[in-house]
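The structure appears below as structure tokens.
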Amino acid sequence: MNTGNWLDDWPSFMNTADLTAFHQTSSALLEQLAADRTLLARLVNEIEHDPDRQAGCRITLLLNRLCLYRAPECGFEIRVNMNPRRANQVVPHDHSYHLASRVLRGGYLHAVRRRTDGWEGDFISADLLPAVVSIESPGSTYALGHAMVHQAVMLPGTIALFVRSPRWKPASHAAADLMPAASSWPEPAAAGEAPQQSRPARLDEYRAMRRELRARGVIG
């Protein structure tokens, strides 16, 4: 994807299994993007006219997200995470890729836990040791490797930038015994459809998220 901006130089630097290198690079990227509000606003506004990025905007059981930038040839993506569903965020989970996040508004309690049953495959809450807990506030950035299990319990109104690396394993996992009931999943996209843990955002939902970003001063 070529957007004609400085982000086009970054995807190749994210294709590393070295978490320290990924943390350093992604932190620098997120700091620069958070400061470039003109580009941030343009990326958000362009979604309405970009079917690829529209398809990447999701309503999930954890939160809503906008797809700002993606380089599908290497699996690199930048998102805005917002509208947290706090009741569902207590579920410990991992990801299939390295990730980094920078808080723009609000904040959250972030817990990172270690598995006692190895680092691959499905797990339950009994397989986890007590957490190392941190408080993430506006301006803070953290990175996680794909093997790390975490919980990010976001305050209402929290907005964060998020960057993901290429995929390093086939699938992500969550503590199966703590998964929220289907009654707490996002409402279906249309009447009569079954609820899903994650679904594409409708155009009106994208526009509502854009209005919120404007109202909160994240974009102009």
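Roughly how many debye, to the nearest 20, is the charge dipole of the chain about its Cα centre, given +1 on each Lys and Arg Cβ, -1 on each Asp and Glu Cβ, and no other charges?
Numbers: 24 positive and 23 negative charges, 124 e Å.
For the chain, the charge dipole is close to 600 debye.
Run the numbers for Ser198 and Ser27: contour at 0.36 nm per residue of separation, minus the present Cα-Cα distance, in nm.
Values: separation 171, 0.36 × 171 = 61.56 nm, distance 2.70 nm.
Separation in residues times 0.36 nm, less the Cα-Cα distance, equals 58.9 nm.
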With the dipole of the chain defined by +1 on each Lys or Arg Cβ and -1 on each Asp or Glu Cβ, the option from Leu203, Ala176, His98 whose Cα lies farthest towards the positive pole is Leu203
The answer for the per residue Cα convex hull volume of region 90-156, in Å³, is 81
Summed over the other residues with a beta carbon less than 10 angstrom from that of Gly157, with K and R at +1 and D and E at -1, the charge totals +1
Once the dipole of region 38-169 is set up from charges on Cβ (+1 Lys and Arg, -1 Asp and Glu), the residue from the list Leu129, Gly56, Ile159 lying farthest towards its positive end is Ile159
So the FRET efficiency between Asp8 and Trp119, C-beta based with R0 = 25 Å and rounded to 0.05, is 0.15
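Given the DSSP H assignment, sum -39500 (n - 2.57) over each helix run of at least 4 residues in the chain and divide by its residue total; what's the result at 222 nm in deg cm²/dmol, nearest 500? Mind dumping the intermediate values first?
Working: 4 runs with 46 residues, N = 220.
Calculated from helices alone, the mean residue ellipticity at 222 nm is -6500 deg cm²/dmol.
Each value in this text was obtained by applying a stated rule to the coordinates, not by laboratory testing. On a predicted model such as this, the values are computed, not experimentally measured, just so you know. Neighbour counts run over all protein chains shown; Cβ positions are idealised from the backbone, glycine included.
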